[in-house]
Amino acid sequence: MSWLRDLQNDHRLERKRLAALLDPDNLPTGRDWSRFMDGLNAAPITDVFVGGSLLTKRNVKEILHSLRVHSNCRVTLFPGSPDQVTPGADAVLFLSMISSRNPDLLIGRHVESGMRIREMGMDVIPTGYMLIGDGPLTTAAYMSNSLPIPSSKKEIAVATAVAGEMLGLNTIFLDAGSGAQQCISPSTILAVRDAVKCPLIVGGGIDDAAGIQAAWQAGADLVVVGNAIEIRPFQLDWLPHPDSFIVKTNPAKERL
């Protein structure tokens with residue numbers, strides 16, 4: 001089963017997933033890398049995302065090769081630029097930043113990378129990528145030259161997600177940005193969840209088990225954790241197991 005069909009099936013069955021976002025520039029090296037891999041394999045991670053808004057030290061290809069050797073997790077590219085698209089992953093998020101008005105992120109970079117991705121034969125996931133937050137400015141917002149949707153404007157987030165789904169995008173990714181001081185509120189996640197039928201990915205600013213569980217409860221199918229893992233790379237026992245999570249029958253009353 002392809003990565004996308006697997007995610008769609010989990011969405012239908014209300015099974016939750018948890019991804020570790022690995023930015024090659026911010027990962028342990030040498031012996032610490034092996035130690036980190038041991039911890040990651042022991043953690044309740046279902047997916048690994050690889051990529052970053054700006055890479056200056058290490059490359060994606062190097063990390064993908066090592067992951068294939070040391071990990072059995074599904075590996076998905078979360079590319080910050082076309083040059084981060086390299087062979088070795090199971091799938092690639094083909095990101096359209098629908099919260100932006102920057103044409104380069106709506107079609108320009110896709111033209112640059114589309115033919116190479118097709119030749120690689122990876123599972124391609126057309127993804128509506130939405131930055132949401134109020135600052136301070138994250139690397140993702142700065143590098144994309146785009147303004148995030150304000151946290152208080154749920155109606156804009158909903159309308160944007162609906163438009164993305166109508167355009168045929170297979171998933172919606174709500175992101176506060178790596179290292180954001182505030183994660184996306186459960187009420188915003190729930191509003192978008194109620195408006196679209198496709199799988200929903202949520203990340204940015206989530207740094208504890210309660211934040212992950214709140215996002216799952218509000219309707220996220222897959223929660224992405226990056227900065228919190230980078231800060232505590234050898235202490236991953238706080239991550240909750242997706243299989244142990246039970247969706248409450250009325251999340252609206254719990255969260256709004």
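Derivation of every value follows stated rules applied to the coordinates shown; laboratory data play no part. No experiment lies behind these values; they were computed from the predicted model shown. Every residue, glycine among them, receives a Cβ derived from its backbone with ideal geometry; neighbour counts consider all protein chains shown.
Selection of region 121-149 for residues being among the polar types (S, T, N, Q) and surrounded by fewer than 24 Cβ atoms within 10 Å (Cβ to Cβ) yields Thr138, Thr139, Ser144, Asn145, Ser146.
Scanning region 116-152 for residues that are among the polar types (S, T, N, Q) and part of a strand (DSSP E or B) yields a single hit, Thr127.
So which of Gly219, Gly204 is within 16 Å of the chain's Cα centre (by Cα), over 30 Å from Pro28 (Cβ atoms) and not aliphatic (A, V, I, L, M)?
Values: Gly204 fails: over 30 Å from Pro28 (Cβ atoms).
Result of the check over Gly219, Gly204: Gly219.
Residues that are part of a loop (DSSP other than H, G, I, E, B) and hydrophobic (A, V, I, L, M, F, W, C) were ranked within region 153-190; the one that is nearest to Trp3 (Cα to Cα) is Leu169. Of all residues being free of Cβ contacts under 8 Å to residues at least 40 places away in the same chain and touching a Leu at 6+ places or on another chain (Cβ under 8 Å) in region 22-36, which is nearest to Leu77 (Cα to Cα)? Just the residue, please. Applying the filter and picking the extreme gives Pro24. Residues in region 90-102 that are closer than 16 Å to Ile125 by Cβ and either among the aromatic types (Phe, Trp, Tyr) or touching a residue at least 60 places away in the same chain (Cβ under 8 Å) (or both): 7 in all.
Cβ-Cβ under 7 Å, sequence separation 6+ or interchain: first residue in region 72-89 and of a type in the set (Phe, Trp, Tyr), partner crowded, with 18+ Cβ neighbours inside 10 Å. Which pairs? If the second residue must be crowded, with 18+ Cβ neighbours inside 10 Å, the pairs left are Phe78/Leu21; Phe78/Phe49; Phe78/Val50; Phe78/Gly51; Phe78/Leu93. In the set (1) among the charged types (D, E, K, R); (2) over 28 Å from Phe94 (Cβ atoms); (3) part of a helix (DSSP H, G or I), Arg193 fails one condition alone, (2). So, of the residues in region 57-85 that are more than 16 Å from Gly30 (Cα to Cα), touching a helix residue (DSSP H, G or I) at 6+ places or on another chain (Cβ under 6 Å) and β-branched (Val, Ile, Thr), which turns out to be surrounded by the most Cβ atoms within 10 Å (Cβ to Cβ)? Step by step, filter region 57-85, then rank; the result is Val60.
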